[in-house]
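So the structure is just underneath, and the comments pick up after that.
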Amino acid sequence: MDRAKVDATTTLIERTRYLLNQNRVEAGSFSYTRPAPSTYEHQWLWDSCFHAIIYRWFDLHMASEELLSVVQHQVREGPDTGMIPHMTYWQGGGEALWGRAERSIITQPPLVGVAAWMVYGHGGDRTLLAELYEPLCAYHDWFDRRRDPDRDHLVSLIHPWESGWDAAPRWDDQLGLTHPSDADSRQARLDLVAVIRQFDCDAAALGEAGYFHVEAVDFNAIRAADLEALARIAAMLGYNAEARSWEGRAESVRQAVRNRLLRPQPCDLAGIDERPLLHLSAAPFVALFGGCADDAQAAALHDTLRHTSFWTPFPIATTPTTDAAFDPDHYWRGNVWLNVNWLIVQGLRRYGFSETARVLTECSIQLASQFDFWEYYNPLSGQGYGSFPHSWSGLILDLALDS
């Protein structure tokens, strides 16, 4: 490696270390990294998974802490036993919204297994895997028991917050929204929480009553990757029969995504009647992350990704520029999110699209290096928006070092 590249890498490591360390929070005997000061003070599930992936490059102890802390408020009793909440309120404060002071009652994209395996592969030890194994087993058992009422190997979301794509246009129809303002969109999401509480988080009952019930292509692909990681963790711990079972379950999810969410064209499925939602977004590209596409589907997704409507001056636009809902200065209406770019890069590498992965990696690094660590970015101008400094934008370090 030449001297200039060494210096650039060192600078990036130090910038990222500073970013995460200034957002670190001590919570009793645990530590976690808040997504951003003031705006996001609590702990979020998939944020902590991304933080662990970043930390593995310079602080293995903190990488483990992120994952061990995020499972501490896993549900221990009742119908949702095993669920890992999308938010943990270490100092309380969740009761007004969720009916519980310490946690939310919904989840988020399951990346704990993926992150744990990546931390382990970078010099971690089996102790972390052993401590997370039973919580991960209970979590994925909960998905099958509670979120797959039709037993088709595709789990359902009951709130947009579970997707991580909070205000994306792909959810407007399910929320009864048409060209909503930011305030209207947020109010619809808040109102839905009250409905979910009324139905005791029962996905089947919510779907039958006509409320938000979506089998999302990206969420299920992420789950396939997490089941795959869980199979590897089981094998590493010597649970060979369980490893085969988890891999079989991962393959069932991959096949369901391939056959039902990517064919005949990429979509999410809404409601008990599984009505296709064909609103264009970057979500189908995440299918590559989970290994869910066949070769023809992968090639088609790659071609679509490189279209100018997604491959903007600062890619990837999460809503294409040709969509009537594209509004890149507003939350989730077409912005660039570096965690989504990270997922897409991993998928491109998995399928051998190495050159596109390389270019997207360079574009992502340039975006955060030029405009700093924002929550999200305008795909046309690069301008940063949302919270600042935002921890998961430090994923550019992982993109740079793991290429």
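We did not get these values from a lab; they are worked out from the coordinates using the rules stated. For clarity, every value in this text was computed on a predicted model and none was experimentally measured. Note that each Cβ is placed from the backbone with ideal geometry, even for glycine, and that neighbours are counted across all protein chains shown.
Label-to-label distance for ARG244 and THR321 is 5.2 nm, based on points extended 7 Å past Cα in the beta-carbon direction. In a fully extended conformation the segment linking LEU97 and SER381 would gain 98.6 nm over its present Cα-Cα distance, using 0.36 nm per residue. Entry for the stretch 79-172 at q = 0.15, 0.18 Å⁻¹: log10 I(q)/I(0) = -0.74, -0.99, Debye formula applied to identical alpha-carbon scatterers, no solvent contribution.
Rounded to the nearest 20 debye, the dipole magnitude of the stretch 294-403 is 60 debye, with +1 charges on Lys and Arg beta carbons, -1 on Asp and Glu beta carbons, and the Cα centre as origin.
Dividing the helix sum by the residues of the chain, where each DSSP H run of 4 or more adds -39500 (n - 2.57), gives a mean residue ellipticity at 222 nm of -15000 deg cm²/dmol. GNM on the chain, alpha-carbon springs under 10 angstrom: the most fluctuating residue among ALA204, ALA241, ALA188 is ALA241.
Here each label is just a point 7 Å from Cα along the line to Cβ, and for MET236 and ARG151 those points are 3.3 nm apart. Per the Debye calculation on the stretch 119-253 with a single equal scatterer at every Cα and no solvent contribution, log₁₀ I(q)/I(0) for q = 0.13, 0.22 Å⁻¹ amounts to -0.66, -1.24.
In which sequence would SER364, SER163, SER38, SER354 go, from the one with the fewest C-beta neighbours within 10 Å to the one with the most?
Working: SER364 26, SER163 22, SER38 8, SER354 11.
Listed from fewest to most nearby Cβ atoms, that is SER38, SER354, SER163, SER364.
Neighbour counting of Cβ atoms within 10 Å sorts the residues TYR40, TYR120, fewest neighbours leading, into TYR40, TYR120. Highest mobility in the GNM of the chain, judged by mean-square fluctuation with C-alpha springs under 10 Å and restricted to PRO320, PRO35, PRO180, is found for PRO180.
Label zone (LYS5, point 7 Å along Cα-to-C-beta; backbone nitrogen cut-off 15 Å) within the stretch 342-383: 358-359, 362. Using a Gaussian network model of the chain in which every pair of alpha carbons under 10 angstrom is joined by a spring, one finds that among ARG126, ARG103, ARG258 the greatest mean-square fluctuation is at ARG126. Sequence-distant contacts, meaning Cα pairs under 8 Å at least 6 residues apart, place the relative contact order of the stretch 294-403 at 25 percent.
Across the stretch 294-403 the C-alpha pair distances fall into 5 Å bins from zero in the proportions 2, 13, 25, 24, 19, 12, 4, 1 percent.
Computed with the Debye formula from one identical point scatterer per Cα of the chain, without solvent, the log10 of I(q)/I(0) at q = 0.14 Å⁻¹ comes to -1.35.
Going by C-beta contacts inside 10 Å, put THR318, THR178 in order with the fewest on the left. Display every interim value, and only then the final one.
Details: THR318 25, THR178 9.
So the residues, fewest neighbours to most, are THR178, THR318.
Using DSSP H assignments, which helices in the chain have an axial alpha-carbon span of 27 Å or above and a mean Kyte-Doolittle hydropathy of 0.5 or higher? All intermediate terms of the calculation are to be shown ahead of the outcome.
On the way: long enough: 3-22 (28 Å, -0.59); 126-146 (29 Å, -0.59); 217-236 (29 Å, 0.76).
Helix filter hits for the chain: 217-236.
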